[in-house]
Each structure stands twice: as structure tokens, then as C-alpha cells.
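Here is the structure we will look at, set down as C-alpha cells.
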Amino acid sequence: ELMYFSIVDPCAPTIADRSGDERWEIESRLEFAKREVDALAELHATGLRDVQFVHRHISPSSLLVGANNQPVFTDFDLARISGSMTLSPNAKLSESDAAFAAPEAIMYGLGGADQRSDVYSLCKALSTLFTDSNSDVAIKTLLQLEVGIVEDPAKRCSLVELSQSLHASDTQTASGAKPQT
């Protein structure tokens, strides 16, 4: 039996809850999104002997905003380590979570999900942080996240590419160049 758990700050809100907080500024949301992408990349990189980790349950209700804007993953109940059967063949996402599942996970079931599916779900979940804002930062971030929400898994960006894209504005700003919008 394989068990996953998170030690969670009991007061940490989900991004679903936090996205409605008008006091959470767009720049802080962007910083959180960058950290979340990097955290998932770290989870995906963790492995033994070519074993890949797949979360398969990423949604605005499974991502928490911890202290100091730190990302916290929860809901590892559907996670998979490739090469091992880690859940029942009948396992399904709830209707609300299915809205954030990759098309291949919907079409073929959770067994059809891989790390690219996690990218899709993460980008779709993070997009909820920026949809209600018309700021240049929000619009640019939504465009950057869109490359992870394409239907064809082969055409989705990798987490490394997404991280580089999100962090590129930091480099441009630090060098004195005006960020592109």
C-alpha cells in the first residue's frame, strides 16, 4: 500500500478561496504561480530509476497558498508513480476537479494521465488567479499559461519552459528593460 500525505498549514487557503481576495495583489499571485510551477517541476524530477511521479489531481481546491506565499500541494490520493498501479481502475475525479483535468485524462481515464497532464491541470488552475484582472501582468501571465492548456499533450510546454517564460519578466525588469506586454 502506498500512502502520500502533506503536512499542511491548517489555515492555508486554497487558490479557489484566495483568488477572490482583492487584497492579494497581481504581483503576489504571479510570484505564487512561479513558485507553484517550480514546485511541480521539483516533484516531477523526484524519482528513482526512471520512475515518474504524476499528481493527477491538480485543481484550485488541491493547491494551497501557504505562509509567505509558498505553494502547498494536497490531494495525492490519485497520484501515480509510473510502472506501479497506485489506484483502483475505477477511480474518477469529481465533477468540479474534472473541469481542470487534461483532455487525455477525461478521454482515457486517469490511467491516460502523465506529467504533461499535470502541466495542463496546473496551468488551468493557475489561470483562475488572473482571469478577473485586466492588468498587463494578468493578461501576459494568462497568455503564458495558455501554452500549457493546449489539447494535444505533445504541443504543451514543459514546466521548464513555462518557468523560464514566467521568470523572463524578472530578468527584463532587473536589467532595466521594459517588460513586454
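Within the range 124-159, being touching a Pro at 6+ places or on another chain (Cβ under 6 Å) and within 19 Å of G20 (Cα to Cα) holds for A125, T128. The residues of the range 96-145 that are in a loop (DSSP other than H, G, I, E, B) and open to solvent by less than 20 Å² (accessible area, probe 1.4 Å), listed by number, are A101, A102, A113, L129, F130. Residue count for the range 3-43 satisfying the condition of being modelled with pLDDT of 90 or more and assigned to a helix (DSSP H, G or I): 21. When residues in the range 48-60 are screened for being more than 17 Å from R35 (Cα to Cα) and modelled with pLDDT of 85 or more, 3 of them pass.
Restricting attention to the range 152-181, the residues that are part of a loop (DSSP other than H, G, I, E, B) and either at pLDDT below 95 or surrounded by 11 or more Cβ atoms within 10 Å (Cβ to Cβ) (or both) total 10.
The values are calculated or read from the model by the stated rules, or taken from the named source; none is laboratory data. Since the structure is predicted, the reported quantities are computational estimates derived from the model, not experimental observations. Because the Cβ atoms are built from the backbone with ideal geometry, glycine has one as well, and the counts that use them run over all protein chains shown. We work out accessible area using only protein heavy atoms, side chains counted, and drop any ligands, DNA or RNA first. Shrake-Rupley method; radii C 1.70, N 1.55, O 1.52, S 1.80 Å.
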